[in-house]
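Chemist: Following this message is one structure expressed as structure tokens.
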Amino acid sequence: MSENRFKIVFDGALLPGVDSGTAKLNLAALFKSDVAAIERLFSGRPVALKRDLSHADAQTYLQALKNTGIDARIESEPSIELSLSDVHDHVPTAAVAEPDSPYAPPKANVGESVAGFATLKPFGVEGRIGRLRFLAWSMVLSLVTLAVVGVFAIIGLGLVSGDSTAGLIVAGILAFILCLAFLIVSIMISVQRLHDIGWSGWLWLLNLVPFVGSFFPLLMLVMPGTPAANRYGAPPPPNSTAVKVLSSLWVVVIALLIVGALAGGISAIQDEYENTLESSYQSGSVTTDEIEVEVEPDANSPADAAEEAQPPVDSAKE
């Protein structure tokens, strides 16, 4: 050959901080293969993932492999060349499809395909959930909270009417415990949503920061999750019909709350404006008691005309 050729060798090592399960899922997505076949690459023996490459192509291919989380390396040809087909463990020959080209990525059709989705864990901080599932679970949690609060409100009214002090204390303690439980579950759901984005669950504490906590929940709803596996595990399973329906209801409720808040704000501003106008009118008006009116005699009035028509009285004749 006119130039040196290189190959990509992998012996099962991972980059620091990368989980083996995540690396296998990413590598399976890169090779368009299943996880069962990819697991044979992690036997500890050197495996040539790509051969007969130029140095530039080898660097490009190596960077793509490092993005999956594995610690591969470049070696010059010739070397001990192993491929994915060399590490089969008692697999029938008919089950393995030969690649069309020696430079094609390894493919295997071994057993049943393994779904690259994580198991859902509603009551935990491990795992990931998408935006629609986050809305759906929040909707369910809110409905359960409203139902429990309604039941406790009815019980509390009964205890107040019965003047049961001990019953009120017990009901208050139970209500506090339930509210704390609902808060913990809500935090777990939010942490899993942050994991789906690729963020740390500790960022939930930003909800407690003034001003930032007013828009951070909206940011959690808007930000899309990573489509492939990240450091928090594989992506969540596809959304079911129930998840889509519940999330749509929650969106409708949020829209109604926003419209109601805007309508209430506009009504309050209008009432304040009318009150201001009325107050200004009352403070600037003048009552008739404060006005002194001097009535001028009217020359055209009948009484004055009759008085002028009388002849003058001669005092001498009298």
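Chemist: Just to check your reading of the model, which residue among D86, D57 is over 23 Å from R231 (Cβ atoms) and modelled with pLDDT under 80?
Modeler: Numbers: D57 fails: modelled with pLDDT under 80.
Exactly one residue qualifies, and that residue is D86.
Chemist: Return a yes/no flag: does region 195-217 have any residue that is loosely packed, with under 10 Cβ neighbours inside 10 Å and outside any helix (DSSP H, G or I).
Modeler: For region 195-217, residues loosely packed, with under 10 Cβ neighbours inside 10 Å and outside any helix (DSSP H, G or I): present.
Chemist: Right, something else. Are any residues in region 218-237 outside any helix (DSSP H, G or I) and without any contact (Cβ under 8 Å) to a residue 12 or more places away in the chain, and if so, which ones?
Modeler: Let us first name the residues in region 218-237 that are outside any helix (DSSP H, G or I), namely 223-237.
Across region 218-237, the qualifying residue is only P227.
Chemist: Could you check region 45-73 and list, in sequence order, the residues that are over 41 Å from the mean Cα position of the chain (by Cα) and under 16 Å from A23 (Cβ atoms)? So that I can check it myself, show each step before the final result.
Modeler: Step one: list which residues in region 45-73 are over 41 Å from the mean Cα position of the chain (by Cα), which gives 45-48, 51-56.
Passing the criteria: only V47.
Chemist: Now a separate question. Let me spell it out: the conditions are (1) at pLDDT 80 or above; (2) surrounded by 15 or more Cβ atoms within 10 Å (Cβ to Cβ), and D19 meets all of them except one. Which number is the exception?
Modeler: All conditions pass for D19, except number (1).
Chemist: Take the residues of region 19-44 that are under 36 Å from the mean Cα position of the chain (by Cα) and charged (D, E, K, R): which is nearest to R231 (Cα to Cα)? So that I can check it myself, show each step before the final result.
Modeler: Initial filter on region 19-44 (under 36 Å from the mean Cα position of the chain (by Cα)): 19-39.
Right, trim to charged (D, E, K, R) and you get 19, 24, 32, 34, 39.
Details: D19: 7, K24: 12, K32: 20, D34: 20, E39: 18 Å.
Selected residue: D19.
Chemist: Still on this model: Of all residues in region 36-61, count the ones that are aliphatic (A, V, I, L, M) and either farther than 19 Å from D11 by Cβ or surrounded by fewer than 18 Cβ atoms within 10 Å (Cβ to Cβ) (or both).
Modeler: Pass one, region 36-61, residues aliphatic (A, V, I, L, M): 36-38, 41, 47-49, 53, 56, 58.
Imposing the further condition that a residue be either farther than 19 Å from D11 by Cβ or surrounded by fewer than 18 Cβ atoms within 10 Å (Cβ to Cβ) (or both) reduces the set to 36, 56.
Counting residues in region 36-61 that are aliphatic (A, V, I, L, M) and either farther than 19 Å from D11 by Cβ or surrounded by fewer than 18 Cβ atoms within 10 Å (Cβ to Cβ) (or both) gives 2.
The values are calculated or read from the model by the stated rules, or taken from the named source; none is laboratory data. Everything numeric here is computed off the predicted structure, so don't read it as measured data. Neighbour counts are summed over all protein chains in view; Cβ atoms, including those assigned to glycine, are modelled from backbone coordinates with ideal geometry.
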